[in-house]
Every structure is written in C-alpha cells, then in structure tokens.
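Right, one structure below, let's go through it.
The values are calculated or read from the model by the stated rules, or taken from the named source; none is laboratory data. Computed from a predicted model, the values in this text were never measured in an experiment. Cβ atoms come from the backbone with ideal geometry, glycine included; neighbour counts cover every protein chain shown. These area figures cover heavy atoms from the full protein model, side chains too; ligands, DNA and RNA do not enter into them. Shrake-Rupley method; radii C 1.70, N 1.55, O 1.52, S 1.80 Å.
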2 protein chains.
Amino acid sequence: MHVITSRDNAHYKELKQLATSAQARRKAGQSILDGVHLCKTWLQELGMPLLCVVGESALQNAEVRDVVQQCEQSDVRIINVPDALYAPLSQVENGIDLLFLVKTPAPTMPSQLALSAVLLDQVQDPGNLGSIMRSAAAAGVKQIFCASGTTQAWSPKVLRAGMGAHFVLDIFENVDLHALITSARIDVVATSSHTEQSLYDLDLSHPVAWLFGHEGQGVDPALLAAASHRIAIPHLGSMESLNVAASAAVCFFEQVRQLTQR
Amino acid sequence: MHVITSRDNAHYKELKQLATSAQARRKAGQSILDGVHLCKTWLQELGMPLLCVVGESALQNAEVRDVVQQCEQSDVRIINVPDALYAPLSQVENGIDLLFLVKTPAPTMPSQLALSAVLLDQVQDPGNLGSIMRSAAAAGVKQIFCASGTTQAWSPKVLRAGMGAHFVLDIFENVDLHALITSARIDVVATSSHTEQSLYDLDLSHPVAWLFGHEGQGVDPALLAAASHRIAIPHLGSMESLNVAASAAVCFFEQVRQLTQR
C-alpha cells in the first residue's frame with residue numbers, strides 16, 4: 001500500500017484531475033467509482049480496477065478491508081490517503097472513502113438494433129439517467145444508446161444512481177440515434193403525450209428498443225416520427241406526465257410482465 | 001408592484017429567511033414555489049398565492065407577465081427585485097425568476113386508510129419523493145402519508161421534482177405509519193426483496209395503500225410485518241433492485257393497467 005500525504009504529490013494531482021474533470025476522464029478512457037457498493041459490484045462483474053484509493057479511516061471498515069485485500073492479492077496498486085485528501089476526490093458526502101479508478105468499458109457498437117435496448121436523447125438529469133440504467137438492467141435490457149446532448153453516462157453522479165447497472169450493460173455514447181432507428185431490425189417504441197395508443201395494447205413479447213427524450217420537451221420530433229410506435233402510459237389522475245425515469249420503469253416492466261405472465 | 005432594491009429591506013430579509021430555512025417555513029406554515037411551472041399550476045389548482053416575487057429580467061417573459069397580471073387582478077402583493085436579489089431566494093440555476101409564497105395546505109387527517117394511498121418511511125432523496133408524488137398524482141392516488149425521517153415534502157427540491165403533484169394530493173407528514181397500517185380498512189402492500197409473491201399476481205381492482213421505505217435499507221421490518229402483502233417486482237436481469245421511485249411507478253401503473261384494461 002502506497003501512502004500519499006501531500007496534495008502536491010504528482011499521482012495525487014493526476015487523480016484529482018480525473019476525479020473532477022469529465023474531459024480528463026474521457027481523454028484517459030477512465031472512470032472513477034466512488035463508494036463500497038460500486039467497487040464491490042465492479043469486482044464481481046468486471047474484475048480488477050487500475051487503481052484503488054482508500055481513505056485512512058475507511059480502513060477500519062471490514063467491507064473496505066475485504067475489497068483492499070482482493071486488490072492486493074491481484075497486485076492492484078493501492079493508495080492510502082488521509083481523509084482530508086480523500087474528500088477532494090469524492091462527490092459523496094459522509095460516504096465511505098473507497099474508490100476505484102477503472103478503464104471505462106468500450107463495447108463494440110452493433111451494426112444494427114437487434115436486441116432489447118434503450119435509446120436516450122437529451123436526458124439531462126444524472127439521477128434520471130442512472131435510474132433508467134438501473135431499471136433497464138433489472139428488466140433484462142442490455143444495450144443503452146445515448147445521443148450527444150444526453151448527460152455523460154460514466155459521470156460520478158450517474159454511476160451513483162446506476163448502483164452498478166453500468167457494469168452489466170453495454171453503453172454507447174454520442175450515438176446517431178436517427179441512423180440507428182431507421183436501420184433497426186426491431187420495433188422502436190417512443191413515449192409521447194400526443195398519441196392515443198396505450199402502452200398496454202402493445203405486444204411486447206419480442207425485443208423492442210425504447211426511446212426517451214428530454215425531461216421537459218420529450219422526444220425530438222424527427223426521432224419520434226422515425227419510431228415504429230408512439231405510445232402513451234394511460235393516466236387516471238390530473239397530472240399530465242411522469243418523470244422520464246418513472247416512465248421508463250413502467251415501460252420496461254410492462255414488458256417484463258408480458259414476458260413472465262404468459 | 002413593489003420594488004425592493006436593498007438586501008437590508010425587512011420584507012426581503014424575511015423572504016430570504018423563508019427561502020433558505022425549512023424550519024422557518026414550517027413555523028410560518030408557508031412554502032416557496034420557485035419557477036413558472038409551479039406558479040402556474042398553483043394558480044390553476046389552488047388559486048392565489050400570499051405573495052408573488054419576480055426578478056427584473058423575468059418580466060420580459062410573456063408567461064411570467066401573464067402570471068403577474070393574474071395576481072395583480074386579485075390584489076396579490078407583488079414584489080419586483082433586481083436579478084441579483086432574486087438569486088439568494090432560489091435554488092434553481094438558470095431558471096426564470098418567479099416565485100410564489102403560499103400557505104402550505106394542511107388537509108384534515110383521515111381517521112383510517114380507506115382510499116388508495118402511498119405510505120413513505122425514511123425516503124431520503126428529495127428527487128425520489130417528488131417523483132413518487134408525481135407518479136401517484138398521475139395514477140389517481142390522492143393521499144400521501146410520510147413518517148418522520150422522510151425528507152420534507154414541501155421543500156423546494158421536492159416541489160421541483162413533483163412538478164405540481166403537491167397541489168392535487170393530500171399530503172400528511174410526521175405520521176405514525178404503524179398506527180395507520182394496523183387500523184387500515186384497505187390492504188397495505190409493501191415491496192420487499194425477501195418474498196416470492198409477485199406484484200403481477202395481486203388483484204389491484206380495489207383501493208390499496210402502497211408502502212415504500214429507505215433507499216438503501218428498504219421498508220422497516222416492523223412496518224413490513226404489519227402490511228397485508230409483501231410483494232416483489234419480478235426481474236429479468238442481474239440487478240437486484242430498483243430505485244424506490246421507479247418501483248413506485250411500476251406498482252402504481254400496474255394498478256392503472258388492471259383498472260383500465262378490463
């Protein structure tokens with residue numbers, strides 16, 4: 001275990017740069033996983049990190065010690081920092097000071113949409129994106145395609161909300177959704193507040209791609225027009241719309257219901 | 001329209017106190033609605049505010065002018081402040097500078113659970129609480145009961161995520177959920193990861209009360225034991241659980257599906 005105690009240490013400065021700059025992470029092709037749950041899920045799903053950073057006090061935590069030990073056994077570099085030096089690396093308040101630096105997975109882009117997938121255009125809120133990914137992973141959807149303009153999928157906030165979903169999904173960013181939709185081999189279903197077609201009338205026994213858009217403006221009209229189906233979730237109350245992550249959960253699990261209840 | 005230009009103005013100082021202190025709002029029985037959407041929805045559902053505050057630049061916005069005009073016609077006091085004085089009143093960045101000060105609705109607590117309802121214990125995240133309320137309002141559920149330990153329902157962050165749901169729901173805070181559950185005239189359904197019973201096997205054609213708990217720990221064991229049904233949402237993927245607001249949306253809309261698809 002390497003101990004770093006100075007803010008001027010070159011390795012520490014590099015880590016801080018990665019922890020605080022989305023651009024630096026993208027350029028390096030690396031991501032920061034902050035907290036015990038994400039680190040443990042990474043170990044379980046994808047193996048070893050590039051680097052493990054642990055705050056001094058966190059070493060008293062049995063779960064943390066177990067993660068650190070696993071890393072040591074695989075010769076992963078472990079850096080131990082005083083709690084005051086951990087804080088600038090983290091966006092989590094009152095969390096347990098453990099993080100992994102990992103190589104951001106870069107799956108091969110499929111040539112066509114053929115498996116159940118989620119297409120996201122201009123989703124702004126990191127909590128919403130993370131929740132959508134978590135619901136998708138729970139519903140057995142494997143692929144997430146994000147257009148540019150959607151919040152960065154591997155940011156610390158999205159990772160936190162995703163609770164490890166990132167590690168079981170294939171995530172593609174800066175995707176040309178129009179090209180993907182027009183060449184799709186499966187139906188693309190978009191939610192819209194301007195349609196009479198109900199989600200519950202769709203046959204969801206085969207793979208579909210779900211298209212969701214901006215929290216305020218909804219799906220871009222050109223993409224909406226290119227989709228195979230425009231559907232609404234029937235409402236019984238006076239509220240006009242659902243949060244996009246709530247809509248996504250309702251859609252994904254209507255498919256789970258149809259697949260499991262026959 | 002009253003113009004306030006000094007941070008030392010007594011009315012301004014009082015407003016700032018209300019805008020920044022949950023305790024001050026609770027003590028006054030008042031809430032702050034920040035942004036055009038919430039203000040318009042309040043006008044539509046519940047009428048006039050106690051006070052309307054508008055930033056100087058926002059008066060160029062036609063929607064804002066329309067709201068201000070409606071308030072003027074009903075002799076609501078309107079305060080116009082420079083943009084620099086609006087910012088400390090608001091948690092919204094880059095929003096449109098319009099807010100209402102309103103009397104927080106205080107509905108009469110029913111003696112027993114008899115209508116479809118949501119019971120929330122220890123839900124921590126304001127975005128989750130707002131999303132649950134928004135989904136409930138869209139699904140035709142009218143009553144929300146929050147135990148102490150749940151994030152404050154009328155806080156600016158929850159109001160923003162609720163998108164106006166607060167104004168069509170009856171919201172009760174600091175509720176003794178155990179007493180409410182044990183005296184309920186309807187079934188209380190709790191989500192749990194330790195049950196084989198599927199949501200999709202429940203008959204939801206009658207009113208039910210949905211019970212949700214802490215984002216990490218789930219529903220408190222004593223409350224879980226008191227519920228009529230403990231159900232799980234069937235999963236197809238490897239992720240073990242959904243975000244609590246996503247779970248709630250799936251449950252509420254399974255009921256909507258059963259009610260509308262017969």
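General observations
- Put a plus charge on the Cβ of each Lys and Arg, a minus charge on the Cβ of each Asp and Glu, and nothing anywhere else: the dipole of the protein assembly as shown about its Cα centre is then about 240 debye.
- Solvent-accessible area per residue in segment B:117-260 equals 34 Å², computed with a 1.4 angstrom probe and all protein chains kept.
- Rg and Dmax of segment A:2-103, Cα atoms only, in Å: 12.4, 34
- DSSP bridge orientation in segment A:2-103 - percent antiparallel, rounded to nearest 5: 55
- Among B:GLN23, B:THR150, B:VAL175 the positive-end extreme of the charge dipole of chain B (Cβ point charges): B:GLN23
- Over chain B, DSSP H runs of length four or greater, each weighted -39,500 (n - 2.57), average out per residue to a 222 nm ellipticity of -10500 deg cm²/dmol.
- Between segment A:123-137 and segment B:1-50, the C-alpha centres lie 32 angstrom from each other.
- Apportionment of accessible area to carbon and sulfur, chain A, percent (1.4 Å): 46
- Chains B and A together, accessible area buried on both sides, 1.4 angstrom probe, square angstrom: 2800
- Dipole check for segment A:117-260: with +1 at the C-beta of Lys and Arg, -1 at the C-beta of Asp and Glu, and the Cα centre as origin, the magnitude is about 420 Debye.
- Once the C-beta distance of B:ALA225 and B:LEU46 is scaled by a Förster radius of 35 Å, the resulting FRET efficiency is 0.35 to the nearest 0.05.
- Net charge over other residues, Cβ less than 14 angstrom from the Cβ of A:LEU177 (K, R count +1; D, E count -1): -4
- Label sites at A:LYS142 and A:SER238, each approximated as a point 7 angstrom past Cα along Cα to Cβ, lie 4.7 nm apart.
- Between B:LYS27 and A:ALA28, the modelled labels are 4.7 nm apart [label points 7 Å from Cα along Cα→Cβ].
- Sites A:GLN73 and A:GLN261, calculated FRET efficiency, Cβ-Cβ separation with R0 51 Å, nearest 0.05: 0.70
- Over 20 Å apart at the Cα level, from the set B:LYS40/B:LYS157; B:LYS16/B:LYS157; B:LYS103/B:LYS157; A:LYS16/A:LYS40, are A:LYS16/A:LYS40.
- Per the Kirkwood formula applied to alpha carbons, the protein assembly as shown shows a radius of gyration over Rh ratio, Rg over Rh, of 0.98.
- Projected area averaged over orientations for chain A, convex hull of C-alpha atoms, nm²: 15.6
- Considering only beta bridges that DSSP places wholly inside segment B:117-260, some 5 percent are antiparallel.
- Between copies, the label points of B:LEU46, set 7 Å from Cα on the Cα→Cβ line, lie 4.4 nm apart, reported in increasing order to one decimal in nanometres.
- The Rg/Rh ratio of segment A:184-262, with both radii computed over alpha carbons and Rh defined as the Kirkwood radius, is 0.94.
- With K and R counted +1 and D and E -1, the other residues having a Cβ less than 12 Å from that of B:MET109 yield a net charge of -3.
- With the convex hull drawn around the C-alpha atoms of segment B:117-260, the volume per residue stands at 104 Å³.
- Size of electric dipole in chain B: Cβ of Lys, Arg +1 and of Asp, Glu -1, about Cα centre, debye, nearest 20: 420
- Total formal charge among the other residues, if their Cβ is under 14 angstrom from that of A:GLN17, Lys/Arg +1 and Asp/Glu -1: +4
- Label-point spacing at A:GLU93 relative to the other copies reads 1.5 nm, in ascending order, each point sitting 7 Å out from Cα along Cα→Cβ.
- Note on A:ASP201: accessible area is roughly 100 Å² with a 1.4 Å probe, heavy atoms of protein only.
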